[in-house]
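S.K.: This is the structure, below, for whatever I ask next.
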Amino acid sequence: MTYPPIFALVRDNATASALLKTGNGPVRFWLFARAPQKGQANYGLPYAVWQQIGGAPENYMAGRPDADSPSLQVDAYAATAEEARAVANAIMYAIELDSYVVSLPSETKEQDTQLFRCSFDVDFITYRT
């Protein structure tokens, strides 16, 4: 399976990168379970994470698949609802020409952290080489 270029698309988008980066720090867009936790380096807010939640190969009767269709979930976290929405919208804008956004953001406030979260799902088609 090939993995979608979601990080590169977000990193290379000026609006998304501006929201998710401070100075020379990293772009705060991490693969699931990789965002710094309390006690680790604190890169600040807002930040976003992504994870693969499903997908399927493009199967053919006559041979091996030449592409995969991974489904991803993206979660944007921020101190305010407006900021979480801005990050989610910037990420959607950065990736939508190379993917299929399949759900508009759902919104919650995390009880443990008191952070606002906007979450959406997106599908990619990635070609095998």
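Throughout, read-outs are computed from the coordinates displayed, never taken from laboratory work. None of these values were measured; they are calculated from a predicted model. Every residue, glycine among them, receives a Cβ derived from its backbone with ideal geometry; neighbour counts consider all protein chains shown.
S.K.: Roughly how compact is the chain, stated as its Cα Rg over 2.2 N^0.38 Å to two decimals?
M.R.: For the chain, the normalised Cα radius of gyration is 1.12.
S.K.: Still on this structure: Under the definition of Cα pairs under 8 Å and six or more residues apart, what whole-number percent is the relative contact order of the stretch 1-90?
M.R.: On the way: 117 pairs, mean separation 23.5, N = 90.
It rounds to 26 percent for the stretch 1-90.
S.K.: Would you calculate, for the chain, the mean residue ellipticity at 222 nm contributed by helices, counting each DSSP H stretch of 4 or more residues as -39,500 (n - 2.57) and dividing by all residues, to the nearest 500?
M.R.: For the chain, the value works out to -6000 deg cm²/dmol.
S.K.: How do 71-84, 6-19, 47-60 rank on mean C-beta neighbours within 10 Å, highest first?
M.R.: Top of the packing list down: 71-84, 6-19, 47-60.
S.K.: With +1 on each Lys and Arg Cβ and -1 on each Asp and Glu Cβ, and nothing else charged, work out how big the dipole of the chain is about its Cα centre, in Debye to the nearest 20.
M.R.: Values: 10 positive and 14 negative charges, 90 e Å.
With only Lys, Arg, Asp and Glu charged at Cβ, the dipole is about 440 debye.
S.K.: Only bridges with both residues in the chain count here: give the DSSP antiparallel percent, nearest 5. Walk me through the numbers before you get to the answer.
M.R.: Working: 27 of 30 bridges.
Antiparallel bridges make up about 90 percent of those DSSP assigns within the chain.
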